[in-house]
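Asks: Below you'll find the structure I mean.
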Amino acid sequence: MQVDAFSVLLVDDEPEFLETLVKRLKKRKLTVHGVKSGEEALQWLTKESVDVVVLDVKMPGMDGIEALRQIKQNHPLVEVIMLTGHASMEVAIEGMELGAFDYLMKPMDIDELLYKLQDAYQKQSLRRQKIKKMKEVVEAGDAGN
Amino acid sequence: MLSFLRKIFARGDHEAIPPMDVEELRTTFKVRYHHFKLLLNANNKALEMMTEMEHALHGNRPFGMAFIKAACTAISANVFHIVKNLNELAPGKYEELYDRFKEIQENISRELSVREHRIGDKLVIPLAEADKDMADQVGSKMANLGEVRNRIHLPVPPGFAVSSLGYHRFMEHNKLQVEIDRRIQATVAERMDELFRLSADIQQLIIRSEVPADLEEAIMEAYREIEKQAGAGVRVSLRSSALGEDMAGTSFAGQYRSELNVSAEHILHAYKEILASKYSLAAMSYRLNRGIRDEDVSMSVGCMAMVNAVAGGVMYSRNPMDIRDTSILINSVWGLPKSVVDGSVTPDAFTVSRDDPGEILSRDVRVKDRKFVCYPDEGVCRLDLTGESSELPSITDEQALELARMAVRLEEYYGGPQDIEWAVGDDGIIYLLQCRPLQQMESTRPPGEQPPAGSDDSAAIILAGGMTASPGVGCGPVYIVRKDMDALQFPEGAVLVASQSLPRWASMLSRAAAVVTEQGSVAGHLANVAREFSVPALFGVLHATQQLKQGDLVTVDADGLKVYEGRIDALLAARSEPKKNLMAGSPVYEMLEKVAEHIVPLNLLDPDSTEFRARNCTTFHDITRFCHEKSVQEVFSFGKEHHFSERSSKQLFCKVPMQFWIINLDDGFKGEAGRKYVQLDNIASIPMLALWEGMTAVPWGGPPPVDTKGFMAVLMQATTNPALDPTMKSDYAARNYFMISRNFCNLSSRFGFHFSTVEALVGERPSENYISFQFKGGAADYPRRVRRAVFVSSILQDYGFRTEVKEDAAFARIEGHEEKFMRERLAILGYLIIHTRQLDMIMSSNAAVNNHKSKIVSDIESILRGEYTGKKCPTGSN
């Protein structure tokens, strides 16, 4: 699949994990930035353009589910992938009901994550396209009236 | 905005769409295809995980709770994904599935939630108050000792137990369990080096945590009580007395740490060290192999006044290796019993008859070249013994007889054979330090008995002697273990050779073919675990580490006390009992069985049945199956009904029109297609082209010569089965349809009288690639159809497919391979679809089947060799 470069925000309180993942995704030609908490993530999203967020579920301070809720509220077009070391069915389903794109468990294969990122980005760009189309139609309709 | 909506609804599915809407429709197709693809991915992942669950239930591969939790979570997440995407494809049509999903998920959650039963409210319990009914507070080890002291009235040092409540208090105070679970989940349990690092990390984590103040206070107060009985400043021993140690047939022998001769100021630290040993490599791999849940083991810790032992050891109230031998076995050494338990010294061995007064039946006094004694301040020291004392018996005959009497009393009290640790104090009193049930084994050859004299192949004997620590015969390459690092590289199926029988070598036993050591006794921990895992073990073999060469293939006859060069099949054949499945019946295994019931069974088999409804989905597999079927239908009908030139179904054209119709879901065509036809050259779908190549590679020779009976069978079915009547065919089944994109292809076809579906996703992501194949029906009678289903699946199995035959239907799947491999598999399927048509007619006998198989296999081999490359257009179309 031909995918253009897109922008990813990683949120994880484990510095070592975060650092490695940022490095490895950058090698795969993505624009990647890493932050250590949900609060930082929300701040970053207000000033930078991000396509997909990879969010750790368990973090000190604002937990992943709350961060997801706020991201979806304030930036509905941003896709969120949950990534966790604590397998929990309940949290997985809660996250997906809140609109997470998917729920992955550590340890995960870096390529698996990359595929998920690409799929999430594709979903997002299809949605953008649709919205753009709708706007055009509405504008055309308005102009015609 | 309203006008916009009105426009959309008014348009319907009619022709003559304005150009701008064509582009919009194109986007709609793309979006739908994207949802469909996500659904397929999730479907594939869910099925894969379900298969993995089934494998775990069949096989002997060990797994822990982390596996079960992760598998359940992954399957739930993927099934949810499937439901969500199906509802995107057909908004509002399948909402009911969310309820079904919730219900099933709650059932699984209920199974998974561990009902924690914590009994008691004391952090610390004095030994004087403990008895065997308190095993769920203080662990069976301390409960038994309390019983011995308070009911049987045999000497036990004063002491107390830090209860399991104390353990939970410690873990909760430091929020350790969640962090430990996380680390376990993130580790590949099959890799020894990863497990080793994990074990070290967790133990550090525990040792660095603090003991909460109330617990500290309770422990120190209990210590002051011991001081009152045993004197101020008395040193103590701390040992694990874990709950769950005594679960059916598990010994936990030597899995946990003991701390001897600890001074008051270091009790708390020693306590934490023992808690940490719950996560020693040996204990973790033991639990994994025996299916014991992490959370089921709570570490109660026993603390007792230290006995400054003159001599000590372990005795068995019966022979553990021979259920028929009733004599008492005593192992004894100078100093603390530690060196018997950890296998570092080969002890004196006494056998005493169990009648009263007992009689010493045998007395085997060994050279004991070291002993452990207490340092005055703290800790134990190893002293090398030279000269006379090393060769003297470590206990007197009177002491041996007294010990035997104790053993008999304990056995009578408990009503079963016992394994007892004891020490002779400097006051001459024999103290009991531990007492637990002994596992006995059936012996086919009494231990120590020599094989018949003049045994043929004496030339091949490398070593002889020692004693049977665990019966049996095993064969494998020699692997000598000297240090912990060696253990990490221990190869599966090797013969473990070591100088001492250290308990920590137990982590390798699940992978060892046999064990040979120079030091150690049948009463040691390693021997216990070897017996539990049915690994033959020969201990006390002099110079084993020098005589055996790394990598050499040897056969260890633990019963015959010999090690042979090479593989001695005669010996192995006599002992080819299958290794017992240690997971079956364990708590972890039972948990998997329970949750799998809500996940794996498939009840919705037949999509044409009226029972095939959302409300009848009772497992995750049902939901998966249901959604897949519906999603294909949704995508199919959407593609078929949208009559705009680019996407509507087109007839495949290859020199002439073919009897195949194509629905392009997204990017399945290279360029614009004609109004009615699409040229084969214009197809971009990788899986479709691969399939097509197989379908057209070898010209079909027409129906095979039919015996009269076969032909009759076809006719009979055709008149009785309404589905075979052409006027009854549903639209979907009537034609041969390809639904395609660049990486996807779904072919539903009806050739002759059978119905087959191939679905494949093939692209650059090997982990997402899959092919699934279903094959059903036929016009012949039932036995012939079944035979054909079996026939097709046997061929596919040979090429790596997982297959299943249910009645006259064959199912096959393969996944996770790279593109070229997948294309070859599709070519094989393509060939089979064409060339097995009406095969059921000649399936009169197995001989006829075999006849046909060789022709088919040779065709497939030529296809794989590339002898038919290049897309072809068959000359006569169907």
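Asks: May I have the convex hull volume per residue, in Å³, for the Cα set of the protein assembly as shown?
Replies: Per residue, the Cα convex hull of the protein assembly as shown comes to 212 Å³.
Asks: What percent do you get for the relative contact order of the range B:458-567 when only Cα pairs under 8 Å and 6+ apart count?
Replies: For the range B:458-567, the relative contact order is 40 percent.
Asks: Related question: I'd like the mean, over residues of B:68-80, of how many other protein chain beta carbons sit within 10 Å of each residue's own Cβ.
Replies: If you average over the peptide's residues, the count of other-chain Cβ atoms is 5.
Asks: To the nearest 10 square angstrom, how much accessible area does B:Ser109 have with a 1.4 angstrom probe?
Replies: Answer for B:Ser109: close to 20 Å² accessible.
Asks: For A:Glu19 and A:Asn74, what is the calculated FRET efficiency with R₀ set at 30 Å and r taken between the beta-carbons, to the nearest 0.05?
Replies: Working from the Cβ atoms, E equals 0.65.
Asks: Still on this structure, please answer the following. Please grab the % of Cα pairs in the range B:262-364 that end up more than 18 Å from each other.
Replies: Above the 18 Å cut-off, the range B:262-364 has 67 percent of its Cα pairs.
Asks: Let me ask another. Apply the Karplus curve 6.51 cos²θ - 1.76 cosθ + 1.60, θ = phi - 60°, to the phi angles in the range A:99-111 and return the couplings in whole Hz, x for Gly and Pro.
Replies: Karplus-based 3J(HN,Hα) across the range A:99-111 equals x, 5, 6, 6, 10, 10, 10, 7, x, 10, 6, 4, 5 Hz.
Asks: Which FRET efficiency value, to the nearest 0.05, do you get for B:Ser637 and B:Val178 by plugging their Cβ-Cβ distance into 1/(1 + (r/R0)^6) with R0 = 56 Å?
Replies: On the way: r = 48 Å, r/R0 = 0.86.
Once rounded, the FRET efficiency stands at 0.70.
Asks: Enter the accessible area per residue of the protein assembly as shown (Å², integer; probe 1.4 Å; all protein chains in place).
Replies: That works out to 42 Å² for each residue.
Asks: Next question. With every protein chain left in place and a probe of 1.4 Å, what is the accessible surface of A:His33, to the nearest 10 Å²?
Replies: About 60 Å², ignoring ligands and nucleic acids.
Asks: Within a Cβ distance under 13 Å of B:Thr396, other residues only, what is the Lys/Arg minus Asp/Glu net charge? Intermediate results must be reported in sequence, preceding the final value.
Replies: On the way: positive: B:Arg363; negative: B:Asp348, B:Asp397, B:Glu398, B:Glu402.
Net charge around B:Thr396: -3.
Asks: Could you work out how far the C-alpha centroid of the range B:184-220 sits from that of the range B:354-397, in angstrom?
Replies: The distance from the Cα centre of the range B:184-220 to that of the range B:354-397 comes to 36 Å.
Asks: Could you give the size of the charge dipole of the protein assembly as shown about its Cα centre, using +1 on the Cβ of each K and R and -1 on the Cβ of each D and E, expressed in debye and rounded to the nearest 20?
Replies: 4140 debye
Asks: A further question follows. If you take the accessible area of B alone, add that of A alone, and subtract the area of the pair, what total do you get in Å², probe 1.4 Å, to the nearest 100?
Replies: Buried area between the two chains comes out at roughly 3600 Å².
Asks: What is the Cα radius of gyration of the range A:7-144 over 2.2 N^0.38 Å, N being its residue count?
Replies: In units of the globular-protein estimate, the range A:7-144 measures up at 1.11.
Asks: Over the range B:116-306, what is the relative contact order in whole percent, taking alpha-carbon pairs under 8 Å and six or more residues apart?
Replies: 29 percent
Asks: Starting from 0.36 nm per residue, how many nanometres of slack lie between B:Val188 and B:Glu764 once their C-alpha separation is accounted for?
Replies: Net length gain for the segment: 204.8 nm.
Asks: Taking the highest mean first, how do the peptides B:602-614, B:320-332, B:159-171 order by number of other beta carbon atoms within 10 angstrom per residue?
Replies: Those peptides, ordered most packed to least, come out B:159-171, B:320-332, B:602-614.
Asks: Now, a different point. Per the helix-only calculation at 222 nm, which mean residue ellipticity applies to chain A, given -39500 (n - 2.57) for every DSSP H run of n ≥ 4 and division by its residues, nearest 500 deg cm²/dmol?
Replies: -17500 deg cm²/dmol
Asks: Order B:His55, B:His153, B:His525, most accessible first, counting only protein heavy atoms with a 1.4 angstrom probe.
Replies: Largest accessible area first, the list is B:His153, B:His55, B:His525.
Asks: Got a sec? What order do B:Cys374, B:Cys745 fall in by accessible area at 1.4 Å, biggest, i.e. largest, first?
Replies: Descending order: B:Cys374, B:Cys745.
Asks: Averaged over its residues, how many other protein chain Cβ atoms are within 10 Å of peptide B:24-34's Cβ atoms?
Replies: Details: counts 6, 0, 1, 5, 3, 0, 5, 6, 1, 1, 6.
Partner-chain Cβ atoms within 10 Å, mean over residues of B:24-34: 3.
Asks: Would you work out if the range B:42-91 is rounded, prolate or oblate? Take a ≥ b ≥ c from the square roots of the eigenvalues of the alpha-carbon gyration tensor; rounded if a/c is under 1.5, else prolate when a/b is larger than b/c, oblate otherwise.
Replies: Values: a/c = 5.39, a/b = 2.53, b/c = 2.14.
Note, shape of the range B:42-91 comes out prolate.
Asks: Sticking with the crude label model, points 7 Å out along Cα→Cβ, report the distance from B:Ser862 to B:Arg675 in nm, one decimal please.
Replies: In this crude label model, B:Ser862 to B:Arg675 measures out at 4.3 nm.
Asks: Work out, step by step, the length gained on full extension between B:Tyr375 and B:Lys132: first 0.36 nm times the residue separation, then minus their alpha carbon distance; give nm to one decimal.
Replies: 84.2 nm
Asks: What does the net charge come to around B:Ser344 if you take all other residues with beta carbon closer than 9 Å to its beta carbon, with K and R at +1 and D and E at -1?
Replies: +2
Asks: Would you please give the FRET efficiency between A:Ser49 and B:Asp201, computed as 1/(1 + (r/R0)^6) with r the Cβ-Cβ distance and R0 = 35 Å, to the nearest 0.05?
Replies: 0.35
Asks: Equivalent-ellipsoid semi-axes (√(5λ), Cα gyration tensor) for the range B:116-306, whole Å, largest first?
Replies: Each semi-axis is √(5λ); the values are 28, 18, 15 Å.
Asks: Indicate the gyration tensor shape class of the range B:458-567 (rounded, prolate or oblate), computed on the Cα atoms with a ≥ b ≥ c the square roots of the eigenvalues: a/c under 1.5 is rounded; otherwise a/b larger than b/c is prolate and the rest oblate.
Replies: rounded
Asks: Take the cross-link list A:Lys58/A:Lys133; B:Lys594/B:Lys806; A:Lys106/B:Lys272 and give me the ones stretching past 32 Å between alpha-carbons.
Replies: Table pairs above 32 Å Cα-Cα are A:Lys58/A:Lys133.
Asks: Just name one of B:Ser854, B:Leu463, B:Ala309: the one whose Cα is farthest towards the positive end of the charge dipole of the protein assembly as shown (beta-carbon charges, Lys/Arg +1, Asp/Glu -1).
Replies: Working it through, the farthest residue towards the positive pole turns out to be B:Ser854.
Asks: With the full set of protein chains in place, find how many percent of the accessible area of the protein assembly as shown is carbon and sulfur; take the probe as 1.4 Å. Walk me through the numbers on the way to the answer.
Replies: On the way: 22160 of 43040 Å².
Answer for the protein assembly as shown: carbon and sulfur cover 51 percent of the accessible area.
Asks: Oh, and also: What are the ³J(HN,Hα) couplings of the range B:678-684, residue after residue, when phi is run through the Karplus curve with 6.51, -1.76, 1.60 and θ = phi - 60°? Round to Hz, x for glycine and proline.
Replies: After applying 6.51 cos²θ - 1.76 cosθ + 1.60, I find 10, 6, 4, 4, 8, 7, 10 Hz.
Asks: Can I ask one more? Going by Cα centres, the range B:585-604 and the range B:549-571 are how many Å apart?
Replies: Result: 41 Å between the Cα centres.
Asks: Separate question: Given a 1.4 Å probe, show me the residues in the range A:82-110 buried by at least 40 Å² of accessible surface when comparing the whole protein assembly to the chain alone.
Replies: So the qualifying set is A:Gly85, A:His86, A:Ala87, A:Met89, A:Ile93, A:Met96, A:Glu97, A:Phe101, A:Met105, A:Pro107.
Asks: Run the numbers for B:Ser362 and B:Arg110: contour at 0.36 nm per residue of separation, minus the present Cα-Cα distance, in nm.
Replies: On the way: separation 252, 0.36 × 252 = 90.72 nm, distance 5.72 nm.
Between B:Ser362 and B:Arg110, full extension yields an extra 85.0 nm.
Asks: Right, here's the next one. Taking θ = phi - 60°, what integer Hz values does the Karplus form 6.51 cos²θ - 1.76 cosθ + 1.60 yield along the range B:595-612, in sequence order, with x for Gly and Pro?
Replies: Karplus-based 3J(HN,Hα) across the range B:595-612 equals 5, 4, 4, 8, 10, 7, x, 10, 9, 8, 8, 10, x, 7, 6, 6, 7, 7 Hz.
Asks: Given the C-alpha centroids of the range B:455-515 and the range A:22-63, what is the distance between them in whole angstrom?
Replies: Distance between centres, Cα-based: 51 Å.
The values are calculated or read from the model by the stated rules, or taken from the named source; none is laboratory data. Just so we're clear, the structure is a prediction, and the values are computed from it rather than from any experiment. FYI the Cβ positions are ideal-geometry reconstructions off the backbone, even for glycines, and counts take in every protein chain you see. Each accessible area value is taken on the protein alone, full model and side chains, heavy atoms only, with ligands, DNA and RNA left out. Shrake-Rupley method; radii C 1.70, N 1.55, O 1.52, S 1.80 Å.
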